[in-house]
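Reading through the structure tokens given below for one structure.
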Amino acid sequence: MGGVAGESLGGVAGAAGAAVGTVAGMAGATEATGALRGLPDHMVVGVTADAVYGFAGAMKAGSLAFQLSREHLKAVVHQRVDVKVLELIDEESGSKIELEGNRLPITHSKDVISELTG
């Protein structure tokens, strides 16, 4: 689960988006969670100064699954047995996206969580 968004995100957000900001990829929704929420089974998540992007794919960013502005975004982290859950909440609408990130360092979920929670 997961992968690195780095240069893949740069292609979508532009070179400035990759340089500005941020980070790499994160494991997204598990199969069950993804199916329930309408998200891909595996995702690559990228973060820029202005937005959070979710792409279908495990090791390489595929099609765009979601794009959230960071302007009114709150990020909350929950612990589960072997994963961290990153909850992205739009404070204006109350809409939420939950992403499960593997604790393995190769997924960079810690980097994404750190960037979004300060």
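Is at least one residue of the stretch 109-118 of a type in the set (V, I, T), out of contact with any Ser or Thr (no Cβ under 9 Å at 6 or more places or on another chain) and farther than 14 Å from V52 by Cα?
Step one: filter the stretch 109-118 for residues of a type in the set (V, I, T), giving 112-113, 117.
Of the ones still in play, those that are also out of contact with any Ser or Thr (no Cβ under 9 Å at 6 or more places or on another chain) are 113, 117.
Keeping just the survivors that are farther than 14 Å from V52 by Cα gives none.
For the stretch 109-118, residues of a type in the set (V, I, T), out of contact with any Ser or Thr (no Cβ under 9 Å at 6 or more places or on another chain) and farther than 14 Å from V52 by Cα: absent.
So S93 ticks every box in (1) modelled with pLDDT of 90 or more; (2) small (G, A, S); (3) under 19 Å from P40 (Cβ atoms) but one. Which box is left unticked?
(3)
Could you list, in sequence order, all residues of the stretch 55-90 that are hydroxyl-bearing (S, T, Y) and more than 14 Å from H42 (Cα to Cα)? Can you show your working first?
Initially, the stretch 55-90 is screened for residues hydroxyl-bearing (S, T, Y), giving 63, 69.
Residue satisfying the conditions is S69 alone.
Would you point out which residue out of E71, E98, E92 is within 21 Å of G118 (Cα to Cα) and in contact with a strand residue (DSSP E or B) (Cβ under 7 Å, 6 or more places away or on another chain)? Can you show your working first?
Working: E71 fails: in contact with a strand residue (DSSP E or B) (Cβ under 7 Å, 6 or more places away or on another chain); E92 fails: in contact with a strand residue (DSSP E or B) (Cβ under 7 Å, 6 or more places away or on another chain).
That would be E98, the only listed residue that is within 21 Å of G118 (Cα to Cα) and in contact with a strand residue (DSSP E or B) (Cβ under 7 Å, 6 or more places away or on another chain).
Just to check your reading of the model, which residue among L68, L64, L73, L36 is modelled with pLDDT of 60 or more, surrounded by fewer than 14 Cβ atoms within 10 Å (Cβ to Cβ) and among the aliphatic types (A, V, I, L, M)? It would help to see each step written out before you state the result.
Numbers: L68 fails: surrounded by fewer than 14 Cβ atoms within 10 Å (Cβ to Cβ); L73 fails: surrounded by fewer than 14 Cβ atoms within 10 Å (Cβ to Cβ); L36 fails: modelled with pLDDT of 60 or more.
That would be L64, the only listed residue that is modelled with pLDDT of 60 or more, surrounded by fewer than 14 Cβ atoms within 10 Å (Cβ to Cβ) and among the aliphatic types (A, V, I, L, M).
Six or more apart or on different chains, Cβ under 6 Å: which pairs go from a residue in the stretch 38-53 that's closer than 18 Å to K110 by Cβ and touching a residue at least 12 places away in the same chain (Cβ under 8 Å) to one that's of a type in the set (F, W, Y) and surrounded by fewer than 24 Cβ atoms within 10 Å (Cβ to Cβ)? Could you list them?
G46/Y53
The values are calculated or read from the model by the stated rules, or taken from the named source; none is laboratory data. Here the structure is a predicted model, which is why all the values come from computation and not from measurement. Ideal geometry is used to build each Cβ from the backbone, glycine not excepted, and the neighbour counts take in all protein chains shown.
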